[in-house]
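Take a look at the structure below.
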Amino acid sequence: MRYLKRSPILLAALGVLLVGGGGAASAATDAASAALVKGEFIGQAGHLADIGLSTNGKQVIAYLCDGTSRRVSLAQWFKGSVTKQGINITNAHGAHLVATVSAQAIKGTVKLKDGRSARFTARLLPSRSLLGLYRSEETFKRVRYLGGWIITRIKLPGAAVAFPIGPEPEGGRGGIINERNGALIVSPRLRNFVSVTVPHLGTFHLARCRLARC
C-alpha cells in the first residue's frame, strides 16, 4: 500500500489553519454573541450618576440620572441599536453613550453635551429581580412628562426600619422631565413599584423596562 508523505511544511500549514482559523472563528462567534445578549443592567457612571440599561440583544434603552428625593440635575434617555461592535448612541440632547456588551456586564463611557464624561460598568441583574430601570410617561394639563427611576437596592419585607426603594443614594436615582421646556422635576421616594404621586402635578404609573421595552 502506498502512503502520502507528510512534509514538515504541509504539517505546519495545517497547524496554522487549525489554530489560526479556530481563533478567528472564536472571535467572530464572541462578537456575534455579544450582539445577542439580553437582560437588564444597572451601575454607576463615575461621579455623574447611576445608569440603567435594558436590551433584547438588538435594541437598547438606557437612562442616566442623578436624582434624589431632594434634587435632580441630570436625566438623559438613550435608545438605539446593539451591533456586533456594541452600543454607540447620541441622543436628541447631544449626549453620547458608547459601550461594549458581554454576557455579564455593559462597559463604556457616557459624555454629555457640556463636556462632562464618565466611564461606567453596569452589571447584569438576575432575571427575576425587581431592581432595574423603570419608566413612566404621563400628560397633565396638556403637558407631557417623562419619568425614570433606576432602582439599585430594596429593603427586605418585614424589616424594622422603613427603607425607601428610591430615588435615594441608598436605593436608586430618579427624576422627571417636563418635555415641553426640558425642566427637571424631583421625584418623591418610591414606596412601591406601581406608582408615585408628585405633589401639585399628578400620579405617575411605573412600567419596568424589560428587554428594551417599557
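The values are calculated or read from the model by the stated rules, or taken from the named source; none is laboratory data. Every value quoted in this text rests on a predicted model; they were computed, and no experiment measured them. All Cβ positions, even for glycine, are placed from backbone atoms using ideal geometry, and neighbour counts span all protein chains on display.
Some values worked out for this structure:
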read-out: Unique residue being within 29 Å of Asn181 (Cβ to Cβ), of a type in the set (Lys, Arg) and assigned to a strand (DSSP E or B) when the list is Lys113, Lys79; value: Lys79
read-out: Gly67 among the small types (Gly, Ala, Ser), touching a Gly at 6+ places or on another chain (Cβ under 7 Å), under 28 Å from Ile185 (Cα atoms) and not in a strand (DSSP E or B); value: yes
read-out: Pairs where the first residue, in the stretch 112-128, is under 14 Å from Ile150 (Cα atoms) and the second is charged (D, E, K, R) and surrounded by 14 or more Cβ atoms within 10 Å (Cβ to Cβ), C-beta under 6 Å, 6+ apart; value: Leu125/Glu40
read-out: All positions within the stretch 189-213 that are part of a loop (DSSP other than H, G, I, E, B) and either of a type in the set (D, E, K, R) or under 11 Å from Gly147 (Cβ atoms) (or both); value: Arg189, Arg191, Leu201, Leu206
read-out: Top-ranked residue in the stretch 79-97 [being of a type in the set (Val, Ile, Thr) and surrounded by fewer than 15 Cβ atoms within 10 Å (Cβ to Cβ); ranked as farthest from Gln44 (Cα to Cα)]; value: Thr83
read-out: Checklist (1) in contact with a helix residue (DSSP H, G or I) (Cβ under 8 Å, 6 or more places away or on another chain); (2) not in a strand (DSSP E or B) applied to His93, failing item; value: (1)
read-out: Selected residue [at pLDDT below 95 and either of a type in the set (Asp, Glu) or within 16 Å of the chain's Cα centre (by Cα) (or both)] from Glu168, Glu138; value: Glu168
read-out: From the options Ile176, Ile106, residue that is under 19 Å from the mean Cα position of the chain (by Cα), closer than 15 Å to Ser69 by Cβ and not in a loop (DSSP other than H, G, I, E, B); value: Ile176
read-out: Positions within the stretch 116-137 being over 14 Å from His47 (Cα atoms), in a loop (DSSP other than H, G, I, E, B) and not aliphatic (A, V, I, L, M), in sequence order; value: Pro126, Ser127, Arg128, Ser129
